[in-house]
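Encoded as structure tokens, the structure appears first; notes follow it.
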């Protein structure tokens with residue numbers, strides 16, 4: 001059996017034992033695990049969400065040092081300035097970066113020729129060694145794909161997943177992280193606390209969920225609770 005490479009963050013936490021996770025992956029191999037939403041399915045989540053995702057993929061942003069001024073570039077359409085009140089347009093800097101600006105149009109043509117199956121997703125994933133090998137080979141052959149990735153919004157939630165969705169036709173895919181959508185904090189992030197114990201217990205009882213997010217080290221009680229439940 002081949003192995004897995006796991007990309008997770010410090011706010012993710014296992015809700016199953018190491019033994020359970022190992023046996024689960026052994027049974028599911030060679031499934032790849034990552035959240036996934038095809039750009040063809042965006043309409044089902046509403047026009048506003050679809051517009052945002054398409055904008056993240058299709059528009060490119062140039063930022064300028066020591067200013068909040070940006071250029072929004074829609075290839076083959078227009079270049080539009082975006083600036084906050086009191087910010088001056090850095091004309092000299094824009095002139096210096098003209099080759100970079102016009103370079104977008106060449107990169108976009110190359111990207112279109114790749115015929116990518118675009119999708120959006122969570123950043124975190126668990127991939128088989130064979131899929132990672134294919135991914136690295138593809139990136140080596142098409143390095144310019146990251147020239148676009150430097151400028152689109154949320155490239156970490158789009159690019160790698162899109163490449164995998166394009167090149168990996170043989171291996172099935174499945175979600176493996178569960179988020180807590182119950183508690184929206186003042187800072188805008190979703191965070192699991194002691195108040196979410198019932199939700200956590202419910203997800204721990206479901207066989208297919210291996211990890212949860214987002215946890216904070218400040219809320220240590222809920223992590224201790226999970227550890228005790230796992231040991232039972």
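Details
- The value of relative contact order for segment 32-171, using C-alpha pairs under 8 Å at least six residues apart, is 32 percent.
- Rg/Rh for the chain (Cα atoms only, Rh after Kirkwood) is 1.03.
- DSSP-defined beta bridges in the chain - what % are antiparallel, rounded to 5: 75
- Segment 1-129 shape via C-alpha gyration tensor axes, a/c threshold 1.5: prolate
- Each stretch of four or more DSSP H residues adds -39500 (n - 2.57); spread over every residue of the chain, this sum gives -12000 deg cm²/dmol at 222 nm.
- Computed label-point distance, nm, for sites residue 207 and residue 8 using a 7 Å Cα→Cβ extension: 2.1
- For the chain, the longest principal axis of the C-alpha atoms and the axis of helix 98-114 are separated by about 50°.
- Ranked 226, 139, criterion: other C-beta atoms within 10 Å, fewest first: 139, 226
- Cut-off 13 Å, label 7 Å out along Cα→Cβ of residue 59, residues of segment 129-157 by amide N: 152-154
- Each label was represented as a point 7 Å from its Cα along the Cα-to-Cβ direction; for residue 219 and residue 43 these points are 3.7 nm apart.
A short reminder: the numbers here are calculations on the coordinates, not readings from a lab. All of these numbers come straight from a predicted model, not from anything done at the bench. Heads up, the Cβs are rebuilt from the backbone with ideal geometry, glycines too, and the neighbour counts pull from every protein chain shown.
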